[in-house]
Structures are given as C-alpha cells and as structure tokens.
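One structure below.
The values are calculated or read from the model by the stated rules, or taken from the named source; none is laboratory data. Fair warning: this is a prediction, and the values are worked out from it, not measured in the lab. Cβ atoms come from the backbone with ideal geometry, glycine included; neighbour counts cover every protein chain shown. Only protein heavy atoms, including side chains, enter the accessible area calculation; ligands, DNA and RNA are left aside. Shrake-Rupley method; radii C 1.70, N 1.55, O 1.52, S 1.80 Å.
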Amino acid sequence: MKKFLRYLLSGFINTLATYITSIILLKIFNLFLLISNLLGYVVGICVSFYLNRNFVFKSKKPEIKKQFSKFIFACLFSYFVNLIFLIIFSNIFKLNDDISQILSMAIYSISFYILSNKYIFK
C-alpha cells in the first residue's frame, strides 16, 4: 500500500511538472500551444520515470535505458487502454464525458502501476 501511495504522489508531482512547464513555455516564452504541450509532456515523462524508478519502485538495476524503453511502451499501452475505456464509458454506457474521463484516467493509472510494478521495475 505504501508503494501505491508513493505512486499517487509521484503522479501528482509529474502532473504538476507537466502543467507548469507547459504554462511557462506558453506564457513566458510565447511558444505555440501544441509545442508547449508536447515539451511539457516530455518533461513530465522524464520526471515520472525518475520518480517511479527512484522513489516509488526504488530500482537499483543498472539497465536504465532498457527500463526507460519499457516505461515508454507502458505509457503508450496504458494510454490506449485509457482510450478504449473512454470510448466504452462514453459511447456504450452513455456516461457523462467528465465521468468517462475520470474513470478512464483511473484505469490508466492502475494499468500503468501494474506494468511498472510487474514489468518495468520488477
């Protein structure tokens, strides 16, 4: 349970880093919205990898490049799981878009946690 709470905390920090980076690039450096967003996500992925590797799962394995590759794969896989459930919740179950988004984000987080725990940082 402690590990999952650390995972949630690192997710919050990662989200904050992504948001702050995007806003700074957009508002202070006047970068185009899509570029700011993309660079914010790149920073967020790096922060997330660092926190998950060192704070959440406390991996001591020297194979950082291999773990990072698995990490990116898990991000993409979990994102597609998120999309599938978003479609299911909104189009099949006819749930409100906000509720569908929250539920599919929760499924993303659980999926990514399982992949991180059992596949990336085992």
Binned at 5 Å starting from 0, the alpha-carbon pair-distance distribution of the stretch 52-116 in whole percents comes out as 4, 18, 22, 18, 12, 10, 8, 5, 2, 0
Measuring from its Cα centre, the chain shows a charge dipole (+1 at each Lys and Arg Cβ, -1 at each Asp and Glu Cβ) which, in debye to the nearest 20, is 780
Within the chain, helix-based [θ] at 222 nm, where runs of 4 or more DSSP H residues each add -39,500 (n - 2.57), nearest 500 = -25000 deg cm²/dmol
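Using just the alpha carbons, could you tell me how many Å³ per residue the convex hull of the chain encloses? Let's see the in-between values first.
Values: hull volume 14.3 nm³, N = 122.
Here the figure is 117 Å³ per residue.
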Taking a cut-off of 23 Å between Cα atoms, list the lysines near K60, but don't count ones fewer than 8 places away on the same chain.
-> K2, K3, K70, K118, K122
Say the dipole of the stretch 6-106 comes from +1 at the beta carbon of Lys and Arg and -1 at that of Asp and Glu; which of L76, T18, S48 then lies farthest toward its positive end?
-> S48
Gain in span if fully extended, S69 to F12, counting 0.36 nm per residue against the direct Cα distance = 18.3 nm
Heavy atoms only, probe 1.4 Å: what % of the accessible area of the stretch 1-119 goes to carbon and sulfur, would you let me know?
-> 74
Among F77, F32, F49, whose mean-square fluctuation peaks in a Gaussian network model of the chain (Cα, cutoff 10 Å)?
-> F32
